[in-house]
1. Look through region 192-206, keep the residues that are outside any loop (DSSP other than H, G, I, E, B) and within 29 Å of residue 359 (Cβ to Cβ), and return whichever of them is nearest to the ligand (Cβ to nearest atom).
2. Could you grab me the full set of residues in region 53-65 that are loosely packed, with under 13 Cβ neighbours inside 10 Å and more than 30 Å from residue 249 (Cβ to Cβ)?
3. Considering every residue within region 130-137, establish whether at least one is free of Cβ contacts under 8 Å to residues at least 60 places away in the same chain, within 25 Å of residue 20 (Cβ to Cβ), more than 16 Å from the ligand (Cβ to nearest atom) and buried (at least 20 other Cβ atoms within 10 Å of the Cβ).
4. Scan region 146-175 for residues that are in a helix (DSSP H, G or I) and under 22 Å from residue 48 (Cβ atoms) and report the count.
5. Looking at residue 94 and the list (1) surrounded by fewer than 17 Cβ atoms within 10 Å (Cβ to Cβ); (2) under 18 Å from residue 148 (Cα atoms), which single condition is not satisfied?
6. In region 269-290, what residues are part of a strand (DSSP E or B) and out of contact with any strand residue (DSSP E or B) (no Cβ under 6 Å at 6 or more places or on another chain)?
7. List the residue pairs whose Cβ atoms are under 6 Å apart, where the first residue sits in region 35-52 and is under 13 Å from residue 251 (Cβ atoms) and at pLDDT 95 or above, the second is more than 12 Å from the ligand (Cβ to nearest atom) and assigned to a loop (DSSP other than H, G, I, E, B), and the two are 6 or more positions apart or on different chains.
Ligand SMILES: [Zn+2]
């Protein structure tokens, strides 16, 4: 294992943070996987999974069972982990700018297409190498004026040329679920099956430019640009990027983390990065993939205390009660139900609802939303 420290731009005199990446295997000898945890710094199940992955990768590397390179970043957001305000740890938004730590990543297709267009040929693997060179160069040119910009640039630099990018997050109180690009579902399904994922969300553009999309969307956008120009140049979907939601914020437990790490390693066996033994047979997919545009939020119509009626991961029919919002002063009881039916994949973990707060989220098969599909 090689450990590399990446200094972030110092925001203030006397202050300085660093990002740490752990490198296993041999760069260039095979595929590259990049795995990071806790980009939303208050989402910690992935950091514990990373701890178990670190131990496993160390052993696999020592035994000569890695083909290619695995880059592991157990703490993707040292800025967010250091944001404690009035006793609360605030890891989703950068206090200095108000920006979500998982938004505003560079989408580079339009930037690099004019630079690579004339050099693309009939060999897809050759084109992938040219595109990755251009992506690496473009990352170096992204403006870095703040500590947060420098964090984003370091993360992109580590991930942008990987074949597999796993961004480990969690929701408030949730069943395990994944987000990926619609064109990537075939590549993602084995991961979803090994992880036992309860909901799989697909989109070609989620809105807000999250980290995973910055790594993968460029490939199908370049395909579209090349097709528009009638270039006879195959462009591969060379990066599978998946945001893995490892249940809820409270689900930081060794038993689950070991199981999740084992599932990720089985997926890496399936992809040929881990070579100690063949990948085991995949369990069945728990639920079919559904459009991210079909993720239905159930909102509190009035303030009150929330009583949940189902557990995360439950399947509900259209109209089946999911939660009640109870106003004990005026005897109002709002019964919240899905309009379409589907898997209740996430619940709020606060039990006092203000008017308009989302209380539960349901993965439905009906793509009814347009515009930005992610929450703030
Ligand atoms: Zn998150």
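1. The residue in question is 201.
2. Passing the criteria: 62, 63, 64.
3. No - not one qualifying residue is present in region 130-137.
4. Looking only at that region, the number is 4.
5. Only one criterion is unmet by residue 94, namely (1).
6. First, the residues of region 269-290 that are part of a strand (DSSP E or B): 274, 289-290.
Of everything in region 269-290, just one residue is part of a strand (DSSP E or B) and out of contact with any strand residue (DSSP E or B) (no Cβ under 6 Å at 6 or more places or on another chain), namely 274.
7. What qualifies is 44/252; 45/251; 45/252; 47/74; 48/252.
Let's see how each residue does on (1) within 16 Å of the ligand (Cβ to nearest atom); (2) assigned to a helix (DSSP H, G or I):
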site: 213; (1), (2): yes, yes
site: 220; (1), (2): no, yes
site: 226; (1), (2): no, yes
site: 244; (1), (2): yes, no
site: 251; (1), (2): yes, no
site: 267; (1), (2): no, yes
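The values are calculated or read from the model by the stated rules, or taken from the named source; none is laboratory data. Note that the structure is predicted; figures quoted are calculated from it, not measured. Counting neighbours? That spans all protein chains shown, and the Cβs are built from the backbone with ideal geometry, glycine included.
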